[in-house]
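The values are calculated or read from the model by the stated rules, or taken from the named source; none is laboratory data. Note that the structure is a prediction, hence the values are computed from the model and not measured. Cβ placement follows ideal geometry from the backbone for every residue including glycine, while neighbour counts extend to all protein chains displayed. SASA here: full protein model, heavy atoms, side chains in, ligands and nucleic acids out. Shrake-Rupley method; radii C 1.70, N 1.55, O 1.52, S 1.80 Å.
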Amino acid sequence: MNNDVAVKVAELPEKYQGDIVNAVAFSADGSQIAVDSDFEHINIWDWRSSRIVKTIEKAPGANEMLVTEPLHYSPNGKLFVACHDPATGHIVIRIWETSTWSITKDIKDPGIGGCASSSFTPDGQNLVRVVNRGISRDDGFIVYSVDTWQPVWGLQTEGFLPTTVIVSPDGGLAAISGMFLPPLTDAE
């Protein structure tokens with residue numbers, strides 16, 4: 001019986017010395033790792049060769065410090081998403097096409113708060129975004145169609161501040177974590 005719990009297979013020397021790695025995400029095929037370690041860029045690494053293959057720019061002013069699941073590849077690996085607090089122009093999610101690393105869509109939300117977490121459905125047809133505005137009747141989640149990037153449905157979670165979301169492997173359920181809040185009064 002092997003007693004090893006984990007074995008280091010690679011170490012990526014992020015080029016922004018002194019920065020903290022805020023998030024990482026494997027590509028769908030496992031060949032690349034996206035690393036967010038500065039305020040402006042995300043590096044896409046070929047982790048086996050310890051080489052950056054692409055550096056992409058976040059939305060100007062994007063802050064992912066309080067986001068629980070900020071980076072995701074779609075299940076088929078064709079899209080890459082960065083979820084964050086509102087950036088310049090109210091951008092809360094930036095989406096890239098991975099074949100060219102061009103920006104496919106910026107999802108905007110003029111309200112306070114931004115994107116606390118996001119997750120693709122297993123079929124890749126939808127992207128679920130957790131909306132966390134603090135203590136608000138607008139907290140909840142929104143489901144966007146990947147074909148149009150328009151909201152197809154959502155749910156408000158009044159009295160519950162959502163922080164993370166994950167979609168079940170069969171796509172039939174979504175689990176949201178967070179915390180319960182005291183009831184809002186009409187004055188709020």
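Return one whole number: the accessible area per residue of the chain in Å², for a 1.4 Å probe.
That works out to 55 Å² per residue.
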Inset, instruction - Could you sort 36-48, 148-160, 80-92 so that the peptide with the highest average Cβ count within 10 Å comes first and the rest follow in order? - result: 80-92, 36-48, 148-160
Legend entry - Estimated FRET transfer efficiency (D29, T104; beta-carbon r; R0 25 Å; 0.05): 0.85
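To the nearest 0.05, how large is the calculated FRET efficiency for K78 and R133 if R₀ is 25 Å and r is the Cβ-Cβ distance?
On the way: r = 31 Å, r/R0 = 1.22.
So, using R0 = 25 Å, E works out to roughly 0.25.
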Inset, instruction - Only Lys, Arg, Asp and Glu count, each charged at its Cβ (+1, +1, -1, -1), so figure out the dipole size of region 42-183 about its Cα centre, rounded to 20 debye. - result: 320
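Once neighbouring chains are kept in place and the probe is 1.4 Å, which whole percent of the accessible area of region 21-81 is contributed by carbon and sulfur?
Its accessible area is 52 percent carbon and sulfur atoms.
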